[in-house]
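The values are calculated or read from the model by the stated rules, or taken from the named source; none is laboratory data. As the structure is a prediction and not an experimental result, all values here were calculated from the model. Please note: Cβ atoms are built from the backbone with ideal geometry, for glycine as well, and neighbour counts cover all protein chains shown. Only protein heavy atoms, including side chains, enter the accessible area calculation; ligands, DNA and RNA are left aside. Shrake-Rupley method; radii C 1.70, N 1.55, O 1.52, S 1.80 Å.
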Amino acid sequence: MDIAIIASDTKKELMTQFCIAYCGILSKHNLCATQITGKYISDATGLSIEKLLPGATGGEQQIASRIAYDEIDVLLYFRDTVPKAEFDEAEYQLLRLCDVHNVPVATNIATAEVLICAVERGDLNWRDFVNPRSEYNRRKKAQL
């Protein structure tokens, strides 16, 4: 599975601790993250993570683009819980794309634990059929 990871500045430590706790499960999957979040996690866990641009300079949009192309199976997005003075269009669009493309998304540690356990059990294997980069679809294309 392809798992994308984003954490607001106030949630980076929590995301890192989450990834330490579930390192064994996460190591079996393809991970990408916004740059600073990815660095924190890979430094703490040794996980191989594709680091995209920092969130504020396009990393969130890169992940949104992958979601739009069904290349992300799960999004872990620990976002800041402090109310913002202005509407965050990028955050709204990212979550909207998850709804449109049926990508499970966790915005807090409780939901993230449920999703990661579901990934481990195989509950989300149906995503292999819609993700063009999945091993299932790579094998299917190779047979043609």
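Could you tell me whether region 83-90 includes any residue that is at pLDDT below 95 and under 16 Å from the mean Cα position of the chain (by Cα)?
The answer is yes, given that some residue of region 83-90 is at pLDDT below 95 and under 16 Å from the mean Cα position of the chain (by Cα).
Report those helices (runs of 4 or more DSSP H) wholly inside region 93-144 carrying at least 1 residues which are out of contact with any helix residue (DSSP H, G or I) (no Cβ under 8 Å at 6 or more places or on another chain), in contact (Cβ under 8 Å) with a residue 24 or more places away in the chain and surrounded by 14 or more Cβ atoms within 10 Å (Cβ to Cβ).
In region 93-144, the matching helices (runs of 4 or more DSSP H) lie at 109-121, 127-130.
Name the pairs whose Cβ atoms lie under 8 Å apart, with the first residue in region 20-44 and in a helix (DSSP H, G or I), the second hydroxyl-bearing (Ser, Thr, Tyr), and 6 or more positions between them or separate chains?
Sorted first by the residue in region 20-44, then by its partner, the pairs are 20/45; 23/45; 26/45; 40/16; 41/16; 42/48; 44/16.
I need the full set of residues from region 85-119 which are touching an Asp or Glu at 6+ places or on another chain (Cβ under 8 Å) and of a type in the set (Ser, Thr, Tyr), in order please.
none
Look at region 71-92 and say how many of its residues are among the β-branched types (Val, Ile, Thr), touching a Lys or Arg at 6+ places or on another chain (Cβ under 9 Å) and open to solvent by 50 Å² or more (accessible area, probe 1.4 Å).
Of the residues in region 71-92, 1 are among the β-branched types (Val, Ile, Thr), touching a Lys or Arg at 6+ places or on another chain (Cβ under 9 Å) and open to solvent by 50 Å² or more (accessible area, probe 1.4 Å).
Does residue 32 qualify as being of a type outside the set (A, V, I, L, M), on the phi < 0 side of the Ramachandran plot and buried (at least 20 other Cβ atoms within 10 Å of the Cβ)?
yes
For region 1-29, give me the residue count where each residue is surrounded by fewer than 19 Cβ atoms within 10 Å (Cβ to Cβ) and acidic (Asp, Glu).
Number of matching residues: 2.
I'd like to know if region 50-70 contains one or more residues that are under 14 Å from the mean Cα position of the chain (by Cα), closer than 22 Å to residue 22 by Cα and crowded, with 18+ Cβ neighbours inside 10 Å.
yes
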